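Report on the structure given below.
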Amino acid sequence: MIKQLCDIFQVFFKIGAFTFGGGLAMLPLIQREVVDKRSWVKESEILDIFAISQSAPGVIAINSAIFIGKRVAGLKGAVAAALGVILPSFISIILVITILMGFQGNKVVEKVFTGIKAASAALILLAAVKLGKTAIKGKFGFFIALLSFGMIVIFDIHAMWAVVLGGAAGLAAYLMNREQC
């Protein structure tokens, strides 16, 4: 049990330590580690885990880590995963504050962070593409995704409403198809 908890902590510590850009940028790394490399979660389940984690209050990466850790090793696994994914950011923030306070306004440091932000954006785009391939099924799913995107980006409607309305549309489509059979 201790080895399993150490493995969970190590996997999520590595993900937390080598991902810049926040929770969404961590999703492809989480998927690779827990689905492809370790088979802790099935490919068909990871999207559901990410959806539940996104719906719950808090950061999606931490929520996903807790969910996966609990599934693998119960409450202790959830704690190990949460600590693993949070600790690198905590350490980094302390180090960055301590070190960078002396480099405020330095052009080299600003350019380094410009590159880091661009790489983080690429990771977030990768997560969106991978999740989209798994989540969007058929013309109806594509329509709901496009409509949700428009609601959020063009009309500045909160993402929560896109999720609620998408769920309602999916339920309505199911009920209409069930009645036709």
Practice task
Out of the residues in the stretch 131-144 that are modelled with pLDDT of 90 or more and of a type outside the set (Phe, Trp, Tyr), state the one that is farthest from the chain's Cα centre (by Cα).
Solution key: LYS139
Exercise for the section: Give PHE18, PHE90, PHE67, PHE50 a once-over and let me know the one that is surrounded by fewer than 12 Cβ atoms within 10 Å (Cβ to Cβ), closer than 26 Å to LEU131 by Cβ and under 20 Å from the mean Cα position of the chain (by Cα). Expected result: PHE18
Handout entry: Selection status of VAL85, touching a residue at least 24 places away in the same chain (Cβ under 8 Å), in a helix (DSSP H, G or I) and not assigned by TED's automatic domain parsing to the domain that holds PRO28
Key = no
Fill in the blank from the handout: How many residues of the stretch 55-99 are of a type in the set (D, E, K, R) and over 28 Å from ALA159 (Cα atoms)? The answer is 1
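The values are calculated or read from the model by the stated rules, or taken from the named source; none is laboratory data. Just so we're clear, the structure is a prediction, and the values are computed from it rather than from any experiment. Positions of Cβ are generated from backbone atoms using ideal geometry, with glycine treated the same way; all protein chains shown enter the neighbour counts.
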